[in-house]
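Asks: Just dropping this structure here.
The values are calculated or read from the model by the stated rules, or taken from the named source; none is laboratory data. Keep in mind the model is a prediction, meaning the values are calculated, not measured. Note: ideal-geometry Cβ built from the backbone for every residue, glycine included; neighbour counts use all protein chains shown. For the accessible areas, the whole protein counts, side chains as well, though only heavy atoms, and no ligand, DNA or RNA atoms are used. Shrake-Rupley method; radii C 1.70, N 1.55, O 1.52, S 1.80 Å.
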Amino acid sequence: MKINTMAIFASGSGSNAENIIRHFSEKKMVKTVIIVTENPKAFVLERARRLNVKWHVLDAETVRGERLFDFLKQQDVDFIVLAGYLKLVPKVVVEHFRGRIVNIHPALLPKFGGKGMYGIRVHEAVLQANEKESGITIHYVDTNYDEGSVIFQARCPVIECDKPETLAERVHELEYEHYPMVLESIIAKL
């Protein structure tokens, strides 16, 4: 299947979403058609406005079920990227987009994943566990949080004087460097 259109799901700041949109804006292989969020206060909406990308805020009913699948069909979406999206994707969407729905997690899965493990919480858990390294995991999405097949991991050291915020900065650098390129590689093979 040739991929032409991409939706990006995000719940917060949207820095990864912006990085991905900018990366693919110079490519002919895929176009970001919409940014989707469940959070009407998410800064990703401001990024969408500045980048001139269509956006949509999901209501609570749509987040959970068949209506999300119908909405994505109406938008003619071929590929979904989760970039800091905090809700579980409904089974009908996961099944339809199997192999075409990807997430990034700010730790080395399978450690430090699952419901409630996002953002600064992940980095706090890594430090509390006295890990020597952290990093990112890019994986396919399945019907459970952070349990889909791993596509790619990149590592960074945990430094003795790290605070959650300093570790987060190094992990973000890995996200910005690798996520667009891994997505491009996946899309090129479809």
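Asks: Can you give the FRET efficiency for L51 and M181, using 1/(1 + (r/R0)^6), R0 = 22 Å, r = Cβ-Cβ distance, to the nearest 0.05?
Replies: According to the calculation, E is roughly 0.65.
Asks: Name the long-range amide H neighbours of T137: under 5 Å, sequence gap of 5 or more, or other chain; modelled H, no Pro or chain starts.
Replies: Close amide H contacts, sequence-distant or interchain: H105, A107, L109.
Asks: From the mean inverse distance of alpha carbon pairs (Kirkwood) and the Cα radius of gyration, derive Rg over Rh for the chain.
Replies: 0.95
Asks: Follow-up. Using r as the Cβ-Cβ distance of R67 and I151, and R0 as 30 Å, what FRET efficiency do you calculate, to the nearest 0.05?
Replies: Working from the Cβ atoms, E equals 0.60.
Asks: Would you kindly work out the equivalent ellipsoid of region 67-130 from its C-alpha gyration tensor and give its semi-axes, the square roots of five times the eigenvalues, largest first in whole Å?
Replies: 29, 10, 9
Asks: Return the FRET efficiency for the residue pair A60, N130: r is the Cβ-Cβ distance, R0 is 45 Å, and the value is rounded to the nearest 0.05.
Replies: Working from the Cβ atoms, E equals 0.70.
Asks: Give me the extension gain from N144 to C161: residue separation times 0.36 nm, minus the current Cα-Cα distance, reported in nm with one decimal.
Replies: 2.8 nm
Asks: Can you tell me the relative contact order of region 37-190? Whole percent, Cα pairs under 8 Å, sequence separation 6 or more.
Replies: 18
Asks: A follow-up question, please. I'd like the carbon and sulfur percentage of the solvent accessible area for region 18-106, probe radius 1.4 Å, heavy atoms only, ligands and nucleic acids excluded.
Replies: 46
Asks: Given a cut-off of 21 Å, name the pairs among K54/K189; K31/K73; K28/K91; K31/K54; K111/K163 whose C-alpha atoms lie farther apart than that in the structure shown.
Replies: K54/K189; K28/K91
Asks: Mind listing the phi-derived Karplus ³J(HN,Hα) values for region 5-19, rounded to whole Hz, using 6.51, -1.76 and 1.60 with θ = phi - 60°, and x for any glycine or proline?
Replies: Couplings: 10, 10, 10, 10, 9, 8, 10, x, 4, x, 5, 5, 4, 4, 4 Hz.
Asks: Something else: Put a dot 7 Å past each Cα toward the Cβ at V92 and Q75; how far apart are the dots in nm?
Replies: 1.6
Asks: Same structure, new question: Accessible area per residue, 1.4 Å probe, Å², for region 7-134: what's the number?
Replies: Result: 50 Å² of accessible area for each residue.
Asks: Further question on the same structure: Top mean-square fluctuation among L127, L45, L86, Gaussian network model of the chain, C-alpha springs under 10 Å?
Replies: Taking springs between Cα atoms under 10 Å, the residue moving most is L127.
Asks: Residue by residue through region 81-93, what is 3J(HN,Hα) from phi via Karplus (6.51 cos²θ - 1.76 cosθ + 1.60, θ = phi - 60°)? Round to whole Hz and write x for glycine and proline.
Replies: Those phi angles translate into 10, 9, 9, x, 8, 9, 9, 6, 6, x, 3, 4, 6 Hz.
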